[in-house]
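The values are calculated or read from the model by the stated rules, or taken from the named source; none is laboratory data. These numbers come from a predicted model, not from an experiment. Positions of Cβ are backbone-derived with ideal geometry, glycine not excepted, and every protein chain shown enters the neighbour counts.
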């Protein structure tokens with residue numbers, strides 16, 4: 001028998017976050033009104049309410065809300081996945097950190113040499 005349920009509504013063992021509640025919680029924490037977001041997105045307040053009820057939102061909607069509220073909900077959702085990922089920025093930061101660690105190690109060795117010279 002073919003399963004005709006909407007696949008995104010079927011509960012799985014690795015469920016995803018409720019996107020509407022995620023955004024609604026952020027707005028409540030930062031005291032942002034539904035009317036404000038509706039005006040900024042140029043949608044009806046009832047549409048904003050519908051967003052909050054939906055567990056799954058289109059990436060375009062999340063994108064627009066993220067830009068409007070100046071908060072990266074996409075990154076927040078990605079962090080909830082607990083999957084290691086990297087991009088050019090994080091790789092560059094890791095490289096810079098390794099260089100800094102190397103510089104610190106060299107400086108610590110020099111400090112030890114100076115301590116030995118001063119102790120004599």
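Of all the criteria given as (1) assigned to a helix (DSSP H, G or I); (2) closer than 17 Å to residue 37 by Cα, the one not satisfied by residue 57 is (1). Taking the range 34-61 only, how many residues are over 22 Å from the mean Cα position of the chain (by Cα), loosely packed, with under 13 Cβ neighbours inside 10 Å and within 20 Å of residue 18 (Cα to Cα)? Going through the range 34-61 one residue at a time, the tally reaches 1. Residues in the range 54-62 include at least one that is modelled with pLDDT of 90 or more and in contact with a helix residue (DSSP H, G or I) (Cβ under 6 Å, 6 or more places away or on another chain). Within the range 87-112, the only residue that satisfies the criterion of being closer than 27 Å to residue 61 by Cβ and surrounded by 10 or more Cβ atoms within 10 Å (Cβ to Cβ) is 90.
In this structure, residue 76 does not satisfy being outside the structural domain of residue 55 (by TED's automatic domain parsing), under 30 Å from residue 61 (Cα atoms) and within 31 Å of the chain's Cα centre (by Cα).
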